[in-house]
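The values are calculated or read from the model by the stated rules, or taken from the named source; none is laboratory data. Quantities reported herein were computed from a predicted structural model and do not represent experimental measurements. Note that each Cβ is placed from the backbone with ideal geometry, even for glycine, and that neighbours are counted across all protein chains shown.
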Amino acid sequence: MAYYYKYNFTSPEIVYSTVKEELKSYFDTGAVDDLMFPTYVDKCLRKLGRSSYVISEETLNIEDFQARLPDNFFAVREAWMCTEISSLPYQSANSFYSQTDDPTTILIAPITTDGPGCSNPECHNPDCDGSCFPNLIQAVYKTNRNLVKSYKREYLLKPGNISAKQNCDVSYTNNWEAYSGANGNGLNNFAPGDSGYDSFDIRDNKFVTNFRNAAVHLIFYSTDYDAAGNQMIPDNYRIREFVESFIKYKVFETLTNQTNDETFQQLQQKLVYYKQLTDEAFIMASIEIKKQDQYAKQRRIIKDLNRFNMYELPNYTNRYGRRRNN
């Protein structure tokens, strides 16, 4: 199992406002606008790599060798093949509140007795004000579901090149049914053209595997957006400085390709200056995302201490007064 550090993500609106305020003379005259800002943010995140994207988790139900990927999917980090284990049902921690005892039905319009007319189906008086059942109480039912399925992660899937049967023009070999499990006598339900028993493929917004039915625990990089539709960026000082410097550099690059009051030499000097700031900010941001957190340092120290344990004698437990670390 891999370990990873999850950043806190924030909206880039603060960066956009800073750029507009510091370069407001160019924005007030209409020489430049913020139309390309989302594109510049996407370029910055792609240049920093996948570590600048949100890490999300999802459970995919594989049916007929494939499953649909989430809408915010960007790239796979880990894909675990899971198997169902037999266990007793347990109560879910979530509760469902409804106005009927049926958890699949919700009463949209509550019954009231203080309004005009009567909602009693047995009362046929059009002038009734609901006094025929004055003790009506609106009930709310609380439902806790029971979960009966449990899954266990078996092994990590590997990227592979899989050819789906419906996308191939040539027929398969005669022993395809003997290994696919389609006739009920095969040992495994593997798809044709697999590169390995534990491989998967990504195409057409689908997660394609070499087993027919199963559950896959997918840990993937995703693209999240705020309420205004802006792509979220990591809430890290160095990364935000790099995004801000890159946007300023692209603004002056746009100005050099237009006709404005400043001379080309003046704009060129500003362009070179912000290009230098952008390169320095990228180096600092790249160093920042490669740093180890305190938990990664602890794992590295333990790994170094246990590096030579494999060379010790089986019945020798102490080495220079220190016990074995495993």
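Against the criterion of being touching an Asp or Glu at 6+ places or on another chain (Cβ under 6 Å), under 30 Å from LEU255 (Cβ atoms), surrounded by 13 or more Cβ atoms within 10 Å (Cβ to Cβ) and of a type in the set (A, V, I, L, M, F, W, C), ALA285 does not qualify.
Could you go through region 246-260 and let me know if any residue there is within 30 Å of GLN66 (Cβ to Cβ) and assigned by TED's automatic domain parsing to the domain that holds LYS24. The answer is no, given that none of the residues of region 246-260 is within 30 Å of GLN66 (Cβ to Cβ) and assigned by TED's automatic domain parsing to the domain that holds LYS24. The requirement of being under 36 Å from the mean Cα position of the chain (by Cα), modelled with pLDDT of 85 or more and not hydroxyl-bearing (Ser, Thr, Tyr) is satisfied by ALA281. Could you look through region 51-72, keep only residues that are closer than 26 Å to MET284 by Cα and either aliphatic (A, V, I, L, M) or touching a helix residue (DSSP H, G or I) at 6+ places or on another chain (Cβ under 6 Å) (or both), and pick out the one that is modelled with the lowest pLDDT? Selected residue: SER51. For region 37-50, a residue qualifies if it is assigned to a loop (DSSP other than H, G, I, E, B) and modelled with pLDDT of 90 or more, but none of them does. Among the residues of region 7-15, is there at least one that is in a helix (DSSP H, G or I), touching an Asp or Glu at 6+ places or on another chain (Cβ under 6 Å) and either under 17 Å from LYS248 (Cα atoms) or among the basic types (Lys, Arg) (or both)? Yes, the conditions are met somewhere in region 7-15.
Out of ALA75, ALA2, ALA31, one residue alone is in contact with an Asp or Glu (Cβ under 7 Å, 6 or more places away or on another chain) and at pLDDT below 90. It is ALA2.
Selection of region 280-304 for residues being in contact with a Ser or Thr (Cβ under 9 Å, 6 or more places away or on another chain) and assigned to a helix (DSSP H, G or I) yields GLU280, ALA281, PHE282, ALA285, ILE289. Exactly one residue out of ILE247, ILE219, ILE239 is β-branched (Val, Ile, Thr) and modelled with pLDDT under 90, and it is ILE219.
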